[in-house]
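All remarks here apply to the structure that follows.
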Amino acid sequence: YHINGQQVIHLNGNKATGIAYCQATLVMERNGKDIATVNSVRYSDQYEKRNGKWYIAVRRTTFILSDSHELTK
């Protein structure tokens with residue numbers, strides 16, 4: 001899942017650029033144990049407005065920090 005943080009967008013007509021920060025947590029099974037990986041992520045985006053709607057045209061993803069740990073029950 002994602003927890004969205006700050007986001008800054010610079011508009012220029014029907015185009016825009018932006019940076020968004022989030023925390024993304026992934027859970028997988030490894031050797032019979034549930035492992036959570038918590039990632040701090042920065043998205044560097046380029047947006048385009050087409051037919052009255054905004055779309056992400058280009059997204060560059062940067063993982064800033066990543067930490068894995070076993071989930072306990």
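One table, with the values for the structure above:
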read-out: Qualifying residue in segment 40-56 (condition: over 13 Å from the mean Cα position of the chain (by Cα), open to solvent by 60 Å² or more (accessible area, probe 1.4 Å) and among the β-branched types (V, I, T)); value: no
read-out: Top-ranked residue of segment 24-39 - restricted to ones that are aliphatic (A, V, I, L, M) and touching a residue at least 12 places away in the same chain (Cβ under 8 Å), ranked as most open to solvent (accessible area, probe 1.4 Å); value: L26
read-out: Evaluation of Q6 against (1) modelled with pLDDT of 95 or more; (2) surrounded by fewer than 12 Cβ atoms within 10 Å (Cβ to Cβ) (one fails), failing number; value: (1)
read-out: Yes/no for Y21 being surrounded by 13 or more Cβ atoms within 10 Å (Cβ to Cβ) and either assigned to a strand (DSSP E or B) or of a type outside the set (S, T, Y) (or both); value: yes
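The values are calculated or read from the model by the stated rules, or taken from the named source; none is laboratory data. In this text, all values refer to a predicted model and were calculated from it rather than measured experimentally. Because the Cβ atoms are built from the backbone with ideal geometry, glycine has one as well, and the counts that use them run over all protein chains shown. Surface areas here come from the heavy atoms of the whole protein model, side chains and all, with no ligands, DNA or RNA. Shrake-Rupley method; radii C 1.70, N 1.55, O 1.52, S 1.80 Å.
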